[in-house]
Structures are given as structure tokens and as C-alpha cells.
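Data first, discussion second: the structure below is written as C-alpha cells.
The values are calculated or read from the model by the stated rules, or taken from the named source; none is laboratory data. Bear in mind the structure is a predicted one, so any value in this text is a computation, not a measurement. Reconstructed Cβ throughout: ideal geometry from the backbone, glycine too, with neighbour counts over all protein chains shown. All accessible areas refer to the heavy atoms of the entire protein, side chains included, with ligands and DNA or RNA removed. Shrake-Rupley method; radii C 1.70, N 1.55, O 1.52, S 1.80 Å.
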Amino acid sequence: MKPIAIDAMGGDHAPKVTVEGALLAHKQGIPVVLVGPTAVLKQELQQQGGDLPIVEAPEYITMQDHATDVRKKRRASINVCMALVKQGEASAVVAMGHTGATLASALFNLGRIQGVDRPTLLIELPSERGRTYLADGGANVDCKPEWLVQFAVMATAYAQAQGVADPSVGLLSIGEEEHKGNELTLQTFPMLKATPGIHFFGNVEGRDIFKGTTDIVVTDGYTGNVVLKLSEGEARTLFKWVREALSGGSWLTKIGALLVRGALQGLRAKMDPAEYGAMPLLGVEGPVFIGHGSADGRAVLSAIRKAKGVVEAGLVERVRAGISLLAR
């Protein structure tokens, strides 16, 4: 496999955490290449006691830059990453940070898969059955019904690449009945029902996401991003309340806290965004993963591992095949 290109300057804590995650991946046998200013990355590698290949990129996109700045900074690290994939010198891109800039760079450098109107960000959320895949995660705030159909097809291809044989698809609405929802969901429902290649379940509600009623939930990017931020905030607040409840009170409460400590750590790991690594950007001509700007080294490692898995599973080819069915 060609190396995975890491935008080493992307995110709030780059290049420290990107180099850290890349080194962890290298130790696990995953080929990686760092992209960014050579002098800066060599210094960071020396501080962390590692050695990795570097591709020079004299510029980079900061979190304060606009997404359109990728056109002005042609030699920005994210653009160089995309160019490596386009030229066949890298198998995937992992970028932690500026979602809009990464999306713009992917469209600018790689382009859309034929038949895809809008790429989608896929979110992984924990559920009672393991994982629920949610699309769109924020790439497309205002959507058309046909875009949601494409999201469902692309999410199905991704879930299959992750080992889900026949992933079910739910349409996020305010009720299970077909006649409930806004204009977008009412128009999308019959289209999904008639779409070849997907296992359409019907409408699902917000609570179904964490129940795992369906493997995939489709919605517009505005709603999807609200779901993402709500779930992350709720998880943090819940664990804060648990810590406060177990840290105070009687000696009996403190003993109980010690007894459940291991179980709570396991639960926290299951809900930790770092375990999900990054969101795949589906619909562009190359595997692209976008992580949180606040990511740590573990999250970078998770993103790299995920990228490796879907590259080996032929993700882009699966998406192409699914989208091609819509044109028939």
C-alpha cells in the first residue's frame, strides 16, 4: 500500500500530535508520510525521537484561514497531500483541523466522483449495537432530496467497507410514519424507498441513533452537525456529573467509585471521540479523512488506521459502483 499522507500542520496542536500519531502508526507497520515545512517537522521528529519521510510544503492552512484560502496557498500542506493522492504517490489523506478547507482542497484537487452532486461527511456514533453511521455531518447545510439519496448510497458503501454486509438505512425525521417530517424528508422518503442497492428501513427518530435501530442514518448537514455537537457535549457533561457524584459524599460512595472505576473507563473509551479518529469525506476521487482540530495523538493514530482499512477494502471503488446504479 502507498503511504498515507498526513497534513502534519493541521489542527490546534500540530505538528506535535500529528507527528506523534504518525509515529505510532509507523510502529504498527502502517506506511505514512508527513507533509509540511521540512525544517519544522524534522525538529519535531527529533524531539520525539523518531524518523519518518517528509514531503515539503512551505505553507499551511490555519484554523483562522477561510476555506477558500486553499486556492491562494497552492503549496499549502493540505493541497500537497491531495496532490500526492491524485498522482498515485499516496493512498489516502488524513487531516486534523479545518473541515471547510479540507473539503475545498479535496474538491479543488481531486474532484467529485462522477454522478455525485455533493460529497458528504460521515460521522460514527456509539450505539447499543456498536456503531451508527450518520450522514451528513456538516458538509452540506441545505440539501436536496437527491443529495440525501446519494449520501445513503455512499454511506452504504462505507459501511460495507467496514464489514457490515447489508447495512440498513434510516431517514432522520420527527416520527416513524411515512407522512411525518418536513418537506425535505417527505420528498426523500419515496426516493430512498425506490433506490437500488440500499436496504431502506424507513423513518427513524433521534433516539434511534444511539439505539442502533439502523446501521446508517441520513439527514441534512445542518441537522447532522447539531446531532454531532449535542452528542459530544452530552457525553462530556454526563461523565462530569458521574465524577462529581462519585468524588464527594460518604466513604461508602468513595468505595463504590473504586469498584466501578474500571467499568467507567471502558465506557468512556467507547464514547471517546478519539477512538473514532476522523470522519471520512465520501464522494471525492480519493480517500480523505477529516478529524477534530483538538485531536490528540491517539485520534491521529485512529484516523490513520481507519484510512488504511478502507483503502484496503476499496472504498472509492465501492462508492463509484453504488453511485453508478443511480444513473440506470
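A few points about this structure:
- Entries of 27/72; 73/240; 73/306 with Cα pairs more than 31 Å apart: 27/72; 73/240
- Point-charge dipole on Cβ atoms (K/R +1, D/E -1) for the chain, about Cα centre, debye to 20: 580
- 14 Å beta-carbon shell around residue 29, net charge (K/R +1, D/E -1): +2
- Note that the chain presents 46 Å² accessible area per residue, ligands and nucleic acids not counted, probe 1.4 Å.
- Seen from residue 92, the other residues with C-beta closer than 10 Å to its C-beta sum to a net charge of +3, counting Lys and Arg as +1 and Asp and Glu as -1.
- Here the peptides 193-204, 176-187, 308-319 are ranked by packing, the mean other Cβ count within 10 Å, and the order with the highest first is 308-319, 193-204, 176-187.
- Only protein atoms count toward the accessible area here, which uses a 1.4 Å probe; on the chain, the carbon and sulfur part of that area reaches 53 percent.
- Report summary: the helix-based calculation at 222 nm, which adds -39500 (n - 2.57) for every DSSP H run with n ≥ 4 and divides by the residues of the chain, gives -15500 deg cm²/dmol.
- Formal net charge of residues neighbouring residue 147 (Cβ-Cβ distance under 9 Å; K, R +1; D, E -1): -2
- Of the residues 53, 10, 303, the one whose Cα sits farthest towards the positive end of the charge dipole of the chain is 53 (charges of +1 on Lys and Arg Cβ, -1 on Asp and Glu Cβ, taken about the Cα centre).
- Of 82, 287, 34, farthest towards positive along the dipole that unit charges on Lys, Arg, Asp, Glu beta carbons give the chain: 34
- Highest-first packing order for the peptide set 27-33, 135-141 is 135-141, 27-33, based on the mean count of other beta carbon atoms within 10 Å.
- Ordering of 157-163, 219-225 by packing [mean C-beta count within 10 Å, highest first]: 219-225, 157-163
- Reachable aspartates and glutamates, given that their alpha-carbon falls under 14 Å from the alpha-carbon of residue 42 and they are not under 8 places away in the same chain: 20, 51, 56
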